[in-house]
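Working notes for the structure below.
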Amino acid sequence: MKNAVSWVLVLFLTISLLNNCLERKTYQEISKKQSFVDQLRQLYSSGDASSWPKPVLDPSKPVFTEIGHLPKVEFPADNPYSEDKSALGRTLFYDPRLSGSSQIACASCHDPELGWTDNKTFSFGHDRQLGSRNAMTILNIAYAQSLFWDGRAESLEEQSRMPIEDQKEMHEHIDIATDKIAKIKGYEILFEKAFGDSRVTKERIAKAISTFERTVVSPPSRFDKFIDGQKDLFTDNEVMGLHLFRTKAQCMNCHNSGYFSNNQFENDGTALLGSKQEDLGRYLVTKDPADAGKFRVPSLREITRTGPWMHNGAFSTLTDILTFYNSGNPEPPKKRSTVHEGITLHSQKSEMLKLLDLTKEEIAQLEAFLGTLSTRTTRPVPPKLPN
């Protein structure tokens, strides 16, 4: 009986000792992890980006611009800013009389309450026709070096007339749209204030709308305030998400600068060549086979407000996108080639896209960080349209 009691006592003491060791080890690991997060918090909120940990970049991207604040908007020399011109552009942006049906305005697809997009997979336009690509937000569009998913417009002035003339969108000839605006008496004073006289031309319409669009800029986000020293604005998960964004997840390869885009074109494996959903992307503009399936890298600012995401609106949650990238952007073998106008084209997915081996916790931390790039929804009152 004594031996049995002794063995029970020994077993109890052994288990207690093991539990204490495990608890101590767990505590040490948690403490070590917390210490690492605290160090990162201090570095990233220091106000000095040169002290940040070195980013992990693909060898094919030797040059990059560090993430940070949006710079001051620059207006082109041939279309300088004026408050009156921006006000005219804002009015035209909301005016459906630029469309063939007089029912569709620029604001129909770029609603400020919906992140300056429409939160639809594909927008609808004239006669309820569906477009073929997701509507990109115009938030911070002043920093884009080319417009549309395929970059077919090199300036906002050039871009502004394209939706008006697109048969699926506003379905109106730019000259007819100009004549319609010129016949509206109330526009005379607006054009005179903006340009010095009341003459209405398509070039002036383009310049006014472009001037307004360049003013649609995000206010400082939590990210901007955090890196300026407000270190308590980020949770631990958001701090880790920022660090992962710049290192293990390698998001920095494409989403860098204050705009969180390198303004380049990349093939992310979503072109679906050879299927009913195929999109040749940049190739339709350049006719260079190497551009088949490439699309403009979008900004990540305001990302939580501008879904669904990708050129085809294929993803409805950020978790799905991050999981897709974590798995190396798998591209179905049967959807990597197509024949277009007698030319065989192949999708060459970017070599940067590899398995990332992110854990579920790390994916959640990345998503938490992306949320810090968005700001509060604004609900501006639309302008009163001239008669």
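The values are calculated or read from the model by the stated rules, or taken from the named source; none is laboratory data. The structure presented is a predicted model; accordingly, all values stated were derived computationally and were not measured. When we count neighbours, we look across all protein chains shown, and the Cβ atoms used for this are built from the backbone with ideal geometry, even at glycine. Surface areas here come from the heavy atoms of the whole protein model, side chains and all, with no ligands, DNA or RNA. Shrake-Rupley method; radii C 1.70, N 1.55, O 1.52, S 1.80 Å.
Data table
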item	result
Subset of the range 32-82 [at pLDDT below 95, polar (S, T, N, Q), farther than 27 Å from Ala144 by Cα and surrounded by 11 or more Cβ atoms within 10 Å (Cβ to Cβ)]	Gln34
Residues that are part of a helix (DSSP H, G or I), touching a residue at least 40 places away in the same chain (Cβ under 8 Å) and either open to solvent by 60 Å² or more (accessible area, probe 1.4 Å) or not hydrophobic (A, V, I, L, M, F, W, C) (or both), drawn from the range 204-220	Lys207, Ser210, Thr211, Glu213
Filter result for His311 (in contact with a strand residue (DSSP E or B) (Cβ under 7 Å, 6 or more places away or on another chain) and assigned to a loop (DSSP other than H, G, I, E, B))	yes
In the range 178-199, the residues that are over 19 Å from Pro163 (Cβ atoms), surrounded by 15 or more Cβ atoms within 10 Å (Cβ to Cβ) and either of a type in the set (A, V, I, L, M, F, W, C) or touching a residue at least 40 places away in the same chain (Cβ under 8 Å) (or both)	Ala182, Ile184, Tyr187, Leu190, Phe191, Lys193, Ala194, Phe195
Residue in the range 324-331 that is open to solvent by less than 60 Å² (accessible area, probe 1.4 Å) and within 25 Å of Gly258 (Cβ to Cβ) present	no
Helices (runs of 4 or more DSSP H) fully within the range 117-186 counting 3 or more residues that are at pLDDT 95 or above and farther than 25 Å from Gly313 by Cβ	174-182
Leading residue by the ranking (farthest from His69 (Cα to Cα)) among those in the range 291-318 that are open to solvent by 60 Å² or more (accessible area, probe 1.4 Å) and touching a residue at least 40 places away in the same chain (Cβ under 8 Å)	Ala314
Near pairs, Cβ below 8 angstrom, 6+ apart or cross-chain, from the range 221-233 (outside any helix (DSSP H, G or I)) to any residue that is among the charged types (D, E, K, R) and buried (at least 16 other Cβ atoms within 10 Å of the Cβ)	Ser221/Arg301
Sole residue being open to solvent by 10 Å² or more (accessible area, probe 1.4 Å) and either touching a residue at least 60 places away in the same chain (Cβ under 8 Å) or under 21 Å from Ile205 (Cβ atoms) (or both), chosen from Pro96, Pro112	Pro96
